Amino acid sequence: MLGLPDHIRAYLFDLDGVLTQTAKVHAAAWKSMFDDFLREEARRTGDEFVPFDPVEDYDRYVDGRPRLDGTRTFLESRSIELPEGGEADPPGTRSVYGLSTTKNDLVLRLIREQGVQPYPGSVEYLHRLRVLGLPRAVVSSSANCRDVLKAAGIDGLFDVVIDGQVAKREGLPGKPAPDTYLAAAKTLGVEPKDAAVFEDALAGVASGRAGGFGTVVGVNRTGQRAALLENGADLVVDDLSELIEGAAQ
């Protein structure tokens, strides 16, 4: 049904890059934050300044992960050790929390300035699922998920939202661990084998595969089809409209 195996009864969607065109906003915020930090580190240590790559570094280290995990993972890739800090650390603090807060402030500013646009093919797909009465969930690492859904005008299209705030409250590990997707399936009352996961991030695809979900759909927005397949996608589309077209044939 709708381009997927007939036994699929629930549909679980990542937010940024699958439903909304906010992945590029996140990549820009990560680059701005890390470049400022790395430039200052180079001045402090005398090492060469190597900027954050908004494609390769973003895809490999931060995309799809909870904000703090993304910060830690990228810093580890550069062999940079920082104190963890805490939630009270203001933006600019030389700590994992301080850098993460800086990134979040940048994202919120960009969203306010640029707005949030959903992908038309994803919106059409969601409307068709709703007409058919099929359960739908958003599973996002973002603590700003509900605000983004509302800004994009699609907040009324989901039965369940598992976001960064829920994960923190429930103690759920972030992607690539499968826990947030498993929580969404449980809340919808379906077994993972009867649910489909839609992801554009390598960490998210790995999450869907680790959770034993019936189908993992990779959404190729940035030319990483092969990597999505390697990380566990069962099929890859450039846009969800391809699934509608395929089902109609």
- Would you list the P(r) distribution for the stretch 44-136, with all Cα-Cα distances sorted into 10 Å bins from 0 and each bin expressed as a whole %? 13, 32, 29, 17, 8, 1, 0
- Estimated distance in nm for a label pair at Asp238 and Asp6, the labels positioned 7 Å out from Cα along Cα-to-Cβ: 3.1 nm
- Three principal axis extents, largest first, for the C-alpha atoms of the stretch 1-65, in Å? 59, 17, 14
- Of all accessible heavy-atom area on the stretch 94-155, the percent that carbon and sulfur account for (1.4 Å): 49 percent
- What the 10 Å binned alpha carbon P(r) of the chain shows, as percent of pairs per bin from 0, is 8, 32, 36, 18, 6, 1, 0
- Message: Between Val138, Val166, Val50, where does the largest GNM mean-square fluctuation fall for the chain, given springs only between Cα atoms within less than 10 Å?
- Response: Val50
- Message: What whole-number distance in Å separates the alpha-carbon centres of the stretch 17-59 and the stretch 148-166?
- Response: 27 Å
- Message: What number comes out for accessible area per residue over the stretch 101-249 if the probe is 1.4 Å? Units Å², please.
- Response: 44 Å²
- Quick one: Cα centre-to-centre distance for the stretch 93-128 and the stretch 201-249, in angstrom? 21 Å
- Item | About the Cα centre, charge dipole magnitude for the stretch 99-178 (Lys/Arg +1, Asp/Glu -1 at Cβ), debye | 60 debye
- Item | Paramagnetic reach from Glu87 in the stretch 164-191 [backbone N under 16 Å; point 7 Å along Cα→Cβ] | 164-172
- Task: Please identify every one of the GluC sites (Glu not before Pro) in the stretch 56-135 that sits in a loop by DSSP and has no more than 16 other beta carbons within 10 Å of its own beta carbon.
- Result: Glu81, Glu84, Glu87
- Item | Rotationally averaged projected area of the stretch 125-229 (alpha carbon convex hull; nm²) | 6.6 nm²
- Would you please give the residues with an amide H less than 5 Å from that of Val216, counting only those at least 5 places away or on a separate chain, with H modeled from the backbone geometry? Val197, Asp234, Leu235
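The values are calculated or read from the model by the stated rules, or taken from the named source; none is laboratory data. Since this is a predicted model, take the numbers as computed values, not measurements. Note that we place each Cβ from the backbone using ideal geometry, even for glycine, and neighbour counts take in every protein chain shown. Protein only, heavy atoms only, side chains kept; ligands, DNA and RNA dropped before computing areas. Shrake-Rupley method; radii C 1.70, N 1.55, O 1.52, S 1.80 Å.
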